[in-house]
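Worksheet: one structure, shown below.
The values are calculated or read from the model by the stated rules, or taken from the named source; none is laboratory data. If you're wondering where the values come from, they're calculated on a predicted model, not measured in any experiment. Backbone-built Cβ (ideal geometry, glycine too); neighbour counts: all protein chains shown.
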Number of protein chains: 2
Amino acid sequence: MYTQRGHMTLPVEAGQESVVADLFERWQADALRDSDGTSMPDTLAQGDHDVYAIMCLVRADQDFANAHPEYLHRKYLMSFPVTAQDRQLTIIPLDGYSKDKYELDEISDPQTWWEVRDRTAGCVVPPSHWHYDPQTRQVHLIQTTPYHEYTVSFLAKQIWDSVSMYNALTNDWQGPRIKSVDPYHSQVRAHLKNYFANWLKTHPDTTVVRFTTFAYLFVIDSGENNQDIYRDWTGYGETVSPQALTEFKKQFGYALTPEDFVDAGYYNGTYKVPSNRYKDWMTFVQNVVVDFASELCDMAHQAGKRTAMFQGDHWIGTEPFLPCYEKIGIDINIGAVEDGVALRRLTDSPGEHVREARFYPYFFPDVFKPGNDPVAESMKNWTKIRRAMLRKPLDRIGYGGYLSLANQFPDFIDHVTEISKQFGEYLEMTRRTPSIKVPGKIAILNAWGQPRAWLQQQVRDQRFYIPPRPDVMELVGSNPLECLAGLPFDIQFISFDDILNHGIDPDVKAIINMGDANTAWSGGDCWADPQVIVKLREFVGNGGGLLGIGEPSAYQSDGRYFQLGDIFGLEKETSLTMGRVASPIQKNTEHYLYAFVTQDIDLGNPSYVYPQSQTLDVIAAHGQHIALSANQYGDGRSVYISSLPFSMHNAWLLEHVLIWLLKQEQVHLPFVSDNPMVDLACYPQTNHLAMTNSSDQVQTVKFLDEKGKKRQEQLQAYAWKWLSIG
Amino acid sequence: MYTQRGHMTLPVEAGQESVVADLFERWQADALRDSDGTSMPDTLAQGDHDVYAIMCLVRADQDFANAHPEYLHRKYLMSFPVTAQDRQLTIIPLDGYSKDKYELDEISDPQTWWEVRDRTAGCVVPPSHWHYDPQTRQVHLIQTTPYHEYTVSFLAKQIWDSVSMYNALTNDWQGPRIKSVDPYHSQVRAHLKNYFANWLKTHPDTTVVRFTTFAYLFVIDSGENNQDIYRDWTGYGETVSPQALTEFKKQFGYALTPEDFVDAGYYNGTYKVPSNRYKDWMTFVQNVVVDFASELCDMAHQAGKRTAMFQGDHWIGTEPFLPCYEKIGIDINIGAVEDGVALRRLTDSPGEHVREARFYPYFFPDVFKPGNDPVAESMKNWTKIRRAMLRKPLDRIGYGGYLSLANQFPDFIDHVTEISKQFGEYLEMTRRTPSIKVPGKIAILNAWGQPRAWLQQQVRDQRFYIPPRPDVMELVGSNPLECLAGLPFDIQFISFDDILNHGIDPDVKAIINMGDANTAWSGGDCWADPQVIVKLREFVGNGGGLLGIGEPSAYQSDGRYFQLGDIFGLEKETSLTMGRVASPIQKNTEHYLYAFVTQDIDLGNPSYVYPQSQTLDVIAAHGQHIALSANQYGDGRSVYISSLPFSMHNAWLLEHVLIWLLKQEQVHLPFVSDNPMVDLACYPQTNHLAMTNSSDQVQTVKFLDEKGKKRQEQLQAYAWKWLSIG
C-alpha cells in the first residue's frame, strides 16, 4: 500500500475548495472523504485521488424509518427499581430515561416480551400479577410485598439515534432527529439493499464506499435530561427484536429472557464475564451482521468500488478480530484511533485488508473552539500512537470533520503536516516489514480472548476520574495495555476456553492476567475451573512466565482469593485473613527489577496484597501493601504488579518485567532503550532503526546495536529519528 | 462498691515489700494480687485489704499434664497446601508449624479424625487414598492429580501453652514450658476440682480467687520459628477433642468435620460471618465451660472466698455478654483494658458483678526497659479509657506484673498516682449513677449481636499497619467503635437473627452497620435474606436513622452490592457498573454535617463509592470517591462514611452524625462539647459535670448547661475537671 502519491484521507467541505487543495498537498493526501455533516463538492469529486463516500445504511433513509416505527432499533431497558409501600405498585417504565430518545415498544406485546421482577426476593413476578396500561404507559402490579423493590424489563424503541443525538446536543447540529432501522427484518434488509443499489448507481465518482459500519450501534443509554447514563462502546445491547429472539430460539434450542439483556441493571458490560447465553446471542448477531455486510460489500464490488468499514460506530458483529470478519470482504478497515491500544486494535487484526487510522480530534466545535488547544490533544494521542506503530504496520491515516474549523488553528495545520511527514517517512523506512521483537510470545489471558483483542480493559479506578471532556473516553487508571501497545513483544490474546480446549501454544513464553476481580479481564468465575489452574501451574512450573496486574486470578474458593496465589507467592486481604499475623515487608533491593522502580513509577492505590511465601521478593510497596513483587515457581517466574496506569516510565518498567519473565535479562538484547521516554524499533529487512522521543525535552538514549556495540543518540523534543543500520 | 479505703488492685512481688507498702498508699490500693511470674509474700498476705490469688486451673498441675498427654489441649490445624507434581504426594502435616508447641495427636486415629482435601478440586480425598505413617509422621496420598493442591486437616496436641511461650520468648521467662489440660474430659475435671479443693484449703489468706478464666485459651497459631502466624483473641479454635466432638454429635444430631474448624485455612476468625454449625459448636462449648466454671465458683464461695474472672486469656465460653454467663457466679469481672472499647466490653455487660479494669502496660520487660516510655503508652490508653468511663460506671482498677520494674520509672509511678487519684474522684463524683445520654437508643447491627458486644471490629486496613510492638494488638484503621465508646449515647448490639425473630426494639432510633464486606461486622450473606432488608427499609422509612461505615450491607445480589444502597443513595463500584457514567461530585456545603468535616477529619482510603440517587447530599469526598454523605429515605435519614479510624476529631464528627440521624440537631442539647478534644458528661443524680481534655494542649470548651445557659470552661493538658451543677 506504500505510495509516493500520498497516504492520507482528507475530509472535505463545500465552500472550502481552496483549503482542501492546499491541505491535500501539505498533508500528503491521496483520498478525499465526506463526513457526517459535510458533503463532497462536485469540483473535488474527480481527480487523481480516491473518493470515500460515507454510507450508514441503517440511518440513510429517514422517510422509510419514519414510515416504519416497527423496524426501529430496539433494546431492553430495565426500569429504575421502585420500592413498594403497599400491596400494589405502579411503575412508569420510562421514568428516568430520555423521552426524546426512547418510546415504549408497544408493538411487541408486553405480557410476552417484558418481564417484571421482584429485585428484593430475586424472582420473576408472574404475568398474572401485573398488566400494562397503554393509556397511561404504566405497569400496575398487585400482590406486591411492602419494601420490596420491583423493576420492569421492557422493550424500548429508539426514536433518536445516539450519534445524531450527540451531535445535536454537543456540536449543536440542527436538522431532523435521525432514526435507525434494524436490518434484522427482511423487509428492512430488502429496502436497504435496494436503496444501496440505487445509491451505487448515483455515486459514480465514489471509489471507496466507507461504511459507517453496518447494523447496530454501540450502547449509549440516555437519562431523563438526555445525558449519557451508561456506555459500552463494544456492547451488544442494541441488537434486540422479538423477531430475532424468536429466530434465536429456533437456532439455539432455548429462549433468551429479558433478564439475559438487562442483567439486573448491569447490561452485560464488556468488562463483565460473559455468560454462555450471552455469548450465544453475540454469535447469533455476528452471523446476521456479517451476512448483511457481505451482501453490501458484494454489491459495492460489483459496482467497481472498494469498501471501507469504520470500526467504531455500528461495528457490533463485525469486529475485525472475529473469525467471521474476513467473510465480509472489506478492503479498508478504518479505525478510530486515539491511542496505542486503539491502533493495535486496528493493526493486529488478521487478514489482507488495508489499515487506516482515523485520528482524533475530529474537526468539530467541541474541540476546535476558541481557548482550546487541539495541538496538545493531538500530540498526546500521537506520541502514544506512533509507539504502537513501531510494533505493527499501519497503512494510511486520515481525519474527519470540518476543514474550515481546523483551518482556524494554523499551528494545528502545521502539526498535522508534521504528523503526515513523519508517517510518510515511516512508510518509506519500514515498507510494511516487521520490527524486531524480544524472543518469546506473550499471551494476555482473559474471558474474551483474541476475538475481542485490544479492547480497552476498563478498571474501576477509571470511574473515579472525570476527564476534562466528559464525553471523551479518556482511559486513565490501570491501563497496562497502553504500556504494552508500544513495547517490542509479540502479543496475542487467549481465553480460558482456549486454554481448556487447546492448551497453551508452545510459542507462548509468558502469560499476563490483569484487571479487577469479577471482570472479563481478570476472569471472575472462569477461575472456578480447576483445569484452568492446573494448566497455568503447569505452564509456569515448566518454565513459563506469569504476570499478574491488579487482581489476577481473583476468585474466592477453597482458601484462596488469588487462585494463582501460590505462583505469585501472595494473597489479597479480603477481610477473610485478618487474623494472619503480618510481618513488616522487607524489600529485596538486590533484585534485577529493583533498578527499574524509579520515583516516576506509579503503581496506584494500596493493593491490600500481602506476602504469602518464603521465596517472595518484594520489590516495591505502598506502605505494607505489595506494589511489585517477583517469585520463582518450579522452573518459571512470576511477577505481581498492583496497578500499572499508562506512563512512559511504567511502560519501561513493564518492558523489563517481561524481559525478566522471559528470562532474557542476562541476554544482551539489542535495541533496548535505557531511557523510559525513548522507544526504539529495528527493521532488519530495511536496515533502519526508529527512535521516538515521547517527551517535550531533549533526550539521550543508549543501547546496543545488532552487533552488540554500544550506541548513544540524542533526540529533540517529540522527535522521530531514523538511522541506517547493518 | 465505692470505698474510701481504696479502689485499686496492686500487684505484689517478693522482696519488694517496702515498694508495695509505699505504692499501696500512693495508688490508693485496697487489694493485693500475685501475677503470672510473681507470688504473694507472706508478710503481705494479711491485712486490711483483699488478697487476690491467681488460679489458672488448666495449667496449675504440670505433673498431671505431663503424665497425661491424652488430656492436653488439642486443636485442628490445616497443613499448608502442597502441590502434587505427580500421581502421589507426601505431606508432612506439621511443616511450617512450631515443633516446640505442637505435636501430632496420634492418640486419636488419623483415619477417623483427620481429613485430606484436594483444595484445587474442592473435595475431600477418600480415606482409602491416603494413610498416615506414624514412623515418619507423614501422610502419603495416592491417585493425586498433578498441579492440584492438597491439605491435611489434623489434630495437634499443644505441648506448650501460648501464654507460657509468649512470656518465655518475649519476656525471657525461664522455667519449664507450661502445658494446659482440657477440662472437657471428666477425669481432668475431677482431678482439677480435687486440686482446687486442696488449693482452697491451703490458701486461707486469699479473699478473692482470681481465675485466669477457666478452660480454653484464645487462639494463637505458631509458625516454624515459634512466631505468631495467626491470632484470634476471641476464637473458639482451641476447644476441640474427639470426646467433645462425639458428644456434640449426640446433642446436636449431626457431626462436625475437621473442615468446620480449619475452614479452608480461615479458622472461623471472629471477623468472619459464623456458620450455623460453628455457632452450634460455640453453644456446646459455652455450656461445657459455664458448667465447669460454676462448679469452681461454688467451691470458692463455699470456702468463704469471692471469685474474680480475668476476661481475656481463657475466657472462651465465659464471655460476660453471654446469657449463660450469669449462671457462673462471678463476683468480680476483671477486664484487660487498653482502650475505650475494652472498657465498654467490661462495663456494659449485664449482671451485678463488680467491674475491675486491669490496665496496660503490664509491668513486664517488653515495655519497662531502658529507652521505652511507659507513661506515653499509658497516657494514650488512659485518655481513651476515661472517655468511655464517662458513659458507663467502672468500679475498680488494677495493674499486673513486676512492681520492681515499674518502680524504676519514677515518672510512671507519679503518672499512676494521678490516674488513681482521678479514678477516686470519679467514684466520688458519680457514685455509679448514669450520665445523661442523647435521647434515642443506638443499635449496632452485625452477625454476632449482643452476646459478642464491644469486640474489636477488625478491618482489613489494620493488617497493613505494623504497630511499634508487633505483639501488641494495636487497632488502627477504621475503628468507629472506639469513637463511639466515649460518646453520650445508649448503645446496644443486635444481630440479624434478632431482627428476624424479634423485629427492631421500638426504643432503637438509629442503627449502625459497619465494617468490611464479607465480615461478621458488616454481615456478609446475612444480607441475602430479603426479610432483613425489608425490616431495615421499614425502620428508616418510618423515621429511623441508619449509619453505614465502610461496606455496610455489602452483598452482591440482584443488581446491588450495597443491599441498602437505596437508603444510602449510593453504590460501590465493584467493577460491575463501570459503564455507568460518572458525573463530577457536587458537595452540599449547606448541609448541617458539613461544619463538622474539618481538616483534622480522616475518612480513610478512597472508597470506590459513588452517588446513585438524586436526593443524595455528598458532604465529603476523596477525589470522586464519596467519603461522607447523607440521604433522606421516607421519614428517616441515612449517613454513609467511608472509614472512621479513631481520633478525637472523628469521634466528634460521629457524635454529630448520630445527633443528626436522631433528628436532634435542632434541639438545643445540653452538655454537647463544641471542642473535639473535650468530652463532657453530666451526672444529674449527683449534680456533677465531668470534663476531660484528651490533648496535650490547654483547651477551651463551650456548651449549654441544663438550663440552656451558655457556659465556657478551660482545661489544662490532659485535665479531668469536675463542676457542680444544678
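Tabulated data
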{"quantity": "Those strands (runs of 3 or more DSSP E) lying entirely in segment B:105-146 with at least 2 residues more than 34 Å from the chain's Cα centre (by Cα) and over 15 Å from residue B:77 (Cα atoms)", "calculated": "B:130-133, B:138-142"}
{"quantity": "Pick from segment A:42-90, criterion out of contact with any strand residue (DSSP E or B) (no Cβ under 8 Å at 6 or more places or on another chain) and hydrophobic (A, V, I, L, M, F, W, C), ranking: surrounded by the fewest Cβ atoms within 10 Å (Cβ to Cβ)", "calculated": "A:67"}
{"quantity": "Strands (runs of 3 or more DSSP E) wholly inside segment B:619-724 containing at least 1 residues that are farther than 22 Å from residue B:441 by Cβ", "calculated": "B:625-633, B:678-683, B:688-693, B:699-704, B:710-715, B:720-724"}
{"quantity": "Residues satisfying the stated conditions in segment A:147-194, i.e. farther than 18 Å from residue A:315 by Cα, part of a loop (DSSP other than H, G, I, E, B) and of a type in the set (Gly, Ala, Ser)", "calculated": "A:175"}
{"quantity": "In segment B:437-453, the residues that are hydrophobic (A, V, I, L, M, F, W, C) and within 14 Å of residue B:481 (Cβ to Cβ)", "calculated": "B:442, B:443, B:444, B:445, B:448, B:453"}
{"quantity": "Exclusive hit being within 30 Å of residue A:565 (Cα to Cα) and under 24 Å from the mean Cα position of the chain (by Cα), set B:216, B:166, B:150, B:230", "calculated": "B:230"}
{"quantity": "Extreme residue, farthest from residue A:126 (Cα to Cα), among residues of segment A:209-225 that are touching a helix residue (DSSP H, G or I) at 6+ places or on another chain (Cβ under 6 Å) and either in contact (Cβ under 8 Å) with a residue 60 or more places away in the chain or away from chain B (no Cβ under 14 Å) (or both)", "calculated": "A:209"}
{"quantity": "Residues within segment A:474-529 that are under 13 Å from residue A:554 (Cα atoms) and aromatic (Phe, Trp, Tyr), tallied", "calculated": "2"}
{"quantity": "The one condition in (1) surrounded by fewer than 20 Cβ atoms within 10 Å (Cβ to Cβ); (2) within 14 Å of chain B (Cβ to nearest Cβ) that residue A:126 fails to fulfil", "calculated": "(2)"}
{"quantity": "Index of the failed condition, residue B:263 passing every other in (1) of a type in the set (D, E, K, R); (2) touching a residue at least 40 places away in the same chain (Cβ under 8 Å); (3) within 14 Å of chain A (Cβ to nearest Cβ)", "calculated": "(2)"}
{"quantity": "Residues located in segment A:173-198, provided they are β-branched (Val, Ile, Thr) and closer than 19 Å to residue A:291 by Cα", "calculated": "A:181, A:188"}
{"quantity": "Single unsatisfied condition, residue A:120 versus (1) free of Cβ contacts under 8 Å to residues at least 24 places away in the same chain; (2) among the polar types (S, T, N, Q); (3) not assigned by TED's automatic domain parsing to the domain that holds residue A:332", "calculated": "(1)"}
{"quantity": "Among the candidates A:129, A:148, A:140, residue that is touching a strand residue (DSSP E or B) at 6+ places or on another chain (Cβ under 8 Å), over 21 Å from residue A:245 (Cβ atoms) and in contact (Cβ under 8 Å) with a residue 60 or more places away in the chain", "calculated": "A:148"}
{"quantity": "Residue within segment A:593-601 that is closer than 25 Å to residue B:457 by Cβ, more than 10 Å from chain B (Cβ to nearest Cβ) and touching a Phe, Trp or Tyr at 6+ places or on another chain (Cβ under 9 Å) present", "calculated": "no"}
{"quantity": "Every pair of residues 6+ apart whose Cβ atoms lie under 7 Å, when the first sits in segment B:14-36 and is closer than 14 Å to residue B:401 by Cβ and polar (S, T, N, Q) while the second is at pLDDT 90 or above and assigned to a helix (DSSP H, G or I)", "calculated": "B:16/B:403; B:16/B:404"}
{"quantity": "Residue in segment A:696-707 that is surrounded by fewer than 22 Cβ atoms within 10 Å (Cβ to Cβ) and touching a residue at least 40 places away in the same chain (Cβ under 8 Å) present", "calculated": "no"}
{"quantity": "Residue match in segment A:636-648 (condition: at pLDDT below 95 and either farther than 30 Å from residue A:717 by Cβ or not assigned by TED's automatic domain parsing to the domain that holds residue A:480 (or both))", "calculated": "no"}
{"quantity": "Residues satisfying the stated conditions in segment B:496-540, i.e. surrounded by fewer than 20 Cβ atoms within 10 Å (Cβ to Cβ) and among the polar types (S, T, N, Q)", "calculated": "B:501, B:531"}
